[in-house]
Amino acid sequence: MDEFLNSPLTAAIVACEIGFWVFIAAGLLTRYALRKQKASTVLLALVPVVDLVLLVITVIDLMNGATPNVTHGLAAVYLGFSVVFGPSMVEWADVRFAHRFAGGPRPEKLYGRAKARKEWREWGKCVLACAISAGLLLLAIVVVGKSGHVEPLWGWLPRLGTVTGLWFVFGPLWQEIFGSSAPKKEASR
């Protein structure tokens, strides 16, 4: 655990996550508070650059002979999920900023079949994110190639399976079994 907490790569992952949200917030504040559409577009376009920076840092670390560890695996998983969920997170934030600062519509609350469809879509994105993460992990395993040194990377693959399974159970399956339909409107008195 000490190796994880003191790793420069861990610091890079944390910095990239902070940078991700800073660019989103800056882009949306620029769009809605300052009304600068072009500057906002540039700031939001920098969001995926954060992922590219983390990828480059991770590859450089491995190519410079670092022994693969849990942090390299975490970087691969972070990248997979960021690539897949990043655009929808920007959209989620944009809807809320538009509502709060520009008189946009209130974010829609989903119920019934619409909520179930959304849960299935989100689970599909989870499967895709796990597949990308697994691909990055396998690529790192092949590139590093030292069988005894890649165990921490192999260890992430079952974790991805666990995440996918839990997301299925508590996402679309839960919604299908226990999901509610639209809220009942109170009868007028």
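The values are calculated or read from the model by the stated rules, or taken from the named source; none is laboratory data. As the structure is a prediction and not an experimental result, all values here were calculated from the model. Note: ideal-geometry Cβ built from the backbone for every residue, glycine included; neighbour counts use all protein chains shown. Quick note on the areas: whole protein, heavy atoms, side chains included, nothing else; ligands and nucleic acids left out. Shrake-Rupley method; radii C 1.70, N 1.55, O 1.52, S 1.80 Å.
Which of (1) of a type in the set (Gly, Ala, Ser); (2) out of contact with any Asp or Glu (no Cβ under 9 Å at 6 or more places or on another chain); (3) crowded, with 18+ Cβ neighbours inside 10 Å; (4) under 20 Å from Ser133 (Cβ atoms) does Ala66 not meet, given it meets every other one?
(3)
Quick test for you: out of Ala33, Ala75, Ala25, pick the one residue that is open to solvent by less than 30 Å² (accessible area, probe 1.4 Å) and in contact (Cβ under 8 Å) with a residue 60 or more places away in the chain.
Within the list Ala33, Ala75, Ala25, the selection yields Ala75.
Would you check if Val127 is of a type in the set (Val, Ile, Thr), modelled with pLDDT under 95 and outside any loop (DSSP other than H, G, I, E, B)?
When the stated conditions are applied, Val127 does not pass them.
Find all pairs meeting these conditions: Cβ atoms under 7 angstrom apart; at least six residues apart or on different chains; first residue within the range 104-127 and open to solvent by less than 30 Å² (accessible area, probe 1.4 Å); second residue not aliphatic (A, V, I, L, M).
What qualifies is Gly112/Gly179; Gly112/Ser181; Ala116/Pro172; Ala116/Gln175; Ala116/Glu176; Ala116/Gly179; Cys126/Thr164; Cys126/Trp167.
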